[in-house]
Structures are given as structure tokens and as C-alpha cells.
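Written below as C-alpha cells is the structure these notes are about.
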Amino acid sequence: MLTTGEARLVAAEWVRAGAASIPAFVGALLAGSARERAPDDPHPETSDLDVWIVVDAAVPDTVAEPEGRFAIRKLHHRGVLIERAFFPWERLSEPARVLGDVYVAPTLVAPALLADPSGRLERVAAAVGADFRRRSHVRRRVEGALALAGQFCDYAASGATAPRFDPLVSRAAGLGVSVAHAAAALAAAALLPPSNRWAFVRAGEVLRRHGRAELAEELLAALGSAGLGRAEVERAFAELERAYDAAVEVRRTPFGLDYNVAREARTPALGGIRALVAVHPREAMDRLLFLRSLVQNVLEHDASAAVRARFREGYVALLSAMGLDTDARRAARVAAIRAIVPRLRAACGEIIAATPGVVEDGG
């Protein structure tokens, strides 16, 4: 098995071999969980390497424009699965802006740079690292995450549908994403990096460490998994595996985030959720719902009527278990999410005040 350090070297080689020749290339850096592992740690088969390629150009939103030269893609290079994502330099060029971004700022603190020919990324990173722990910026990141939670909640409540998404999939998945952003706010308050897979685990640990175990349960209730047992989650995961394999066979229509449903993505996508189900089944329902929704979107577009109907039944059963299967239940969930956000904001304030390492702005 490769070590994390060896996998990083493969990613750097891949950048030098191709990405660095992209017009308007500024640099590349490692993001995601690989940054948190020591170089000698094994590189898990259930993990890809998130590589951010920074370009001095406009980068379209991947949901609105899922095709094109800047589309997010997963690809293999020398035994390592790389997830390639493009970022416009404009989003990273101003340290003050970066410091308020809950998902970008942590990646630029002690960054794992893969290429930085002009030194621009290093200069921004130095400025971000110097002020990352200041209370005002911690609060900005918390507020940014909670604002995203509100935006996704409002979008789902509006009845709008994301481009090339089935209406039911768009609304149900949107509510799940809303709560995931709320969970990210808690990690930000504790100076922890965001995590897609471990978002609810980290949020629960932070809340319990600060004496707010009841709020951890309410957060899972807002997701829709608080009352689920291990057996129910394991059945939902088994159904996800069957649906995933069926979707991979028929997928033709591009849509935002479709790169998560592909043969090359199967091991990290399903393996990561399987590992989480084994130890934190309720918290795993965040990623399970997200991936199952993408799978269903593939099937709605490209499967035969019989296959589509069979797996839609399984998808609706998942939504029913999570309280998201009808307009009335989704409306109730919208109300629950809106109600919990002010309480999470107050809890984040308490967590910031108690977190070692947060510094006053004048300090």
C-alpha cells in the first residue's frame, strides 16, 4: 500500500506532467483528508486525493455547467485516484476574503503546495496563516457556513430544481446539504478543518465536548437520522450499492457532481461510507443520502423505465426513513432546520470562547 507521502508525490508528478501547462495556471495544492495524515501513514483505498488547480480565469459553477475544461473529474494516475477541481485565482487572491471562507481558509493554513511557480499561493497562505485564529475571522467562517445552510434550505423550500436534476432528488438532497453546512459551522468554531465524510462525527464530538450533547441529537434529527438503528442504516447502504452499480452501467447524461458515480469512483465513494457506517451509522446517513441522490439522478435520466421504477422505490424508502418523502414532511424539515440555526449560532459562540488558540483581534 502506498503511504500518504508517496501518494502526494504522485499527485505532484501529475500536476507537473499536465496541469501546469494549462493556460492561466497559477498553482496547485492538496486539499481534503490527505492533508491531515502524516506522510508515513497508509494512503487508504477509500480515499482519493483532492487537488485544487488554481487558474487566473473564470471557473463556471460545476452544477450549472457540468461539462467543459474546468469540470471536476476523478482520474487515475500511477495507482492513485485524483479528484481534480479548478479554483479561480480571484477567489484566493485576497487574504481577507479567504479568511472568511469556511472551506478554503483551512486549506491555506500550512498548505500542501504541489506547484506554485510565481509564489502567489505561498504569499496568500502566509497572510491567511497569520490571521486564521483571530476571533473575528473564526466568527466570519461560522457565519458563512450557517448562511450556506440557510441558502440551501431556502432553495429546497422554494420548489426550485437544480439544472439537470430530478425535482425530488434536488429537494431532498438540498435539505441534506443544508444540514451538512450547519455541521461545518461547529467544526469551524473549534478551529477544525471541514470534512465531507466526517462532518457530523466532528460536529457531535465538538458539541459533546462542550456540554451540548442534546444539540448533537437535534442536529441528527434535522438530518433525519437520529431515530435510525444500525440495521436500518446497513440495509440502506446495501440498497445504495445495488443502485450505484446499476447507475454506473447506464450513465450517459452529464450533470453537476456526476463524477461521483463512476467505476473509478466506486471504491472511495462506497468504501468510505461503508467504513463510516461500521462505527457511526447515524452520522453516515449524510453521505449515504448525498450519494444515493446522485445515483438516483443518473437512473432518472438514463435507466430504462423498469430499472428506474425499481430503484426509485428504494430511494423513496430511504427518504421515508429520513422524513423527506412528502412535501409536508420536507416542509416540516425546513422549519426544523430554520429553528436549529439560531441555537447552533449561539453554541458556536460558546465554543469559540472556550477554544484554545482563538486569539483576540487586538492580540
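Throughout, read-outs are computed from the coordinates displayed, never taken from laboratory work. These numbers come from a predicted model, not from an experiment. Cβ atoms come from the backbone with ideal geometry, glycine included; neighbour counts cover every protein chain shown.
Placing a label point 7 Å from the Cα of THR267 along the Cα-to-Cβ direction, the residues of segment 36-70 with a backbone N closer than 12 Å are 43-49. Each part gets one Cα centre, and for segment 225-286 versus segment 121-158 those centres are 28 Å apart. Look at the dipole of the chain built from charges on Cβ: of PRO194, ALA85, VAL59, the Cα furthest out on the positive end belongs to PRO194. Pairwise Cα distances in segment 135-344 exceed 30 Å in 18 percent of cases.
If I take every Cα pair under 8 Å that is 6 or more residues apart in segment 135-344, average their sequence separation and divide by the length, what percent do I get for the relative contact order? Once normalised by length, the contact order is 26 percent. About its Cα centre, the chain has a charge dipole of approximately 320 debye under the convention of +1 per Lys or Arg Cβ and -1 per Asp or Glu Cβ, with nothing else charged.
Charge dipole (Cα centre; +1 on Lys/Arg Cβ, -1 on Asp/Glu Cβ; no other charges) of segment 258-363 amounts to roughly 440 debye. The sum of -39500 (n - 2.57) across all DSSP H runs of n ≥ 4, divided by the residue count of the chain, sets its helix-only mean residue ellipticity at 222 nm to -19000 deg cm²/dmol. Extending 7 Å from the Cα toward the beta-carbon at both ARG338 and ARG97 defines two label points whose distance is 3.1 nm. Extension gain for SER136 to ALA278 (0.36 nm times residue separation, less C-alpha to C-alpha distance): 47.3 nm. When the Cα positions of ALA71, ALA172, ALA216 are compared along the charge dipole of the chain, ALA216 comes out farthest toward the positive end, with charges on each C-beta of Lys, Arg, Asp and Glu. Legend: ranking of residues TYR244, TYR155 from fewest to most surrounding C-beta atoms inside 10 Å; resulting order TYR155, TYR244. Hull volume per residue, based on the alpha-carbon atoms of the chain and their convex hull, is 133 Å³.
In plain terms, the chain from ASP245 to ALA64 could stretch by 62.6 nm, reckoned as 0.36 nm per residue minus the Cα-Cα distance.
Just so you know, the averaged projected area of the alpha carbon convex hull for segment 4-131 sits at 7.8 nm².
Shown here is the pair-distance distribution of segment 136-190: with all Cα-Cα distances grouped in 5 Å bins from zero up to the longest one, the shares run 5, 23, 25, 18, 12, 9, 6, 1 percent. A Gaussian network model of the chain, with springs between Cα atoms under 10 Å, assigns the largest mean-square fluctuation among ARG208, ARG197, ARG292 to ARG208.
The dipole here belongs to segment 135-344: it is taken about the Cα centre, uses +1 on the Cβ of Lys and Arg and -1 on the Cβ of Asp and Glu, and is about 540 debye. Straightening the chain between ALA147 and GLU122 buys 6.1 nm, computed as 0.36 nm per residue apart minus the Cα-Cα spacing.
As a length-normalised measure over Cα pairs under 8 Å and 6 or more apart, the relative contact order of segment 186-260 settles at 16 percent.
If you plug the beta carbon distance of ARG208 and ALA17 into 1/(1 + (r/R0)^6) with R0 = 35 Å, you get a FRET efficiency near 0.15. Taking all Cα pairs closer than 8 Å and separated by 6 or more residues, the relative contact order of the chain comes to 18 percent. Relative to the compact-globule estimate of 2.2 N^0.38 Å, the Cα radius of gyration of segment 62-128 comes out at 1.26.
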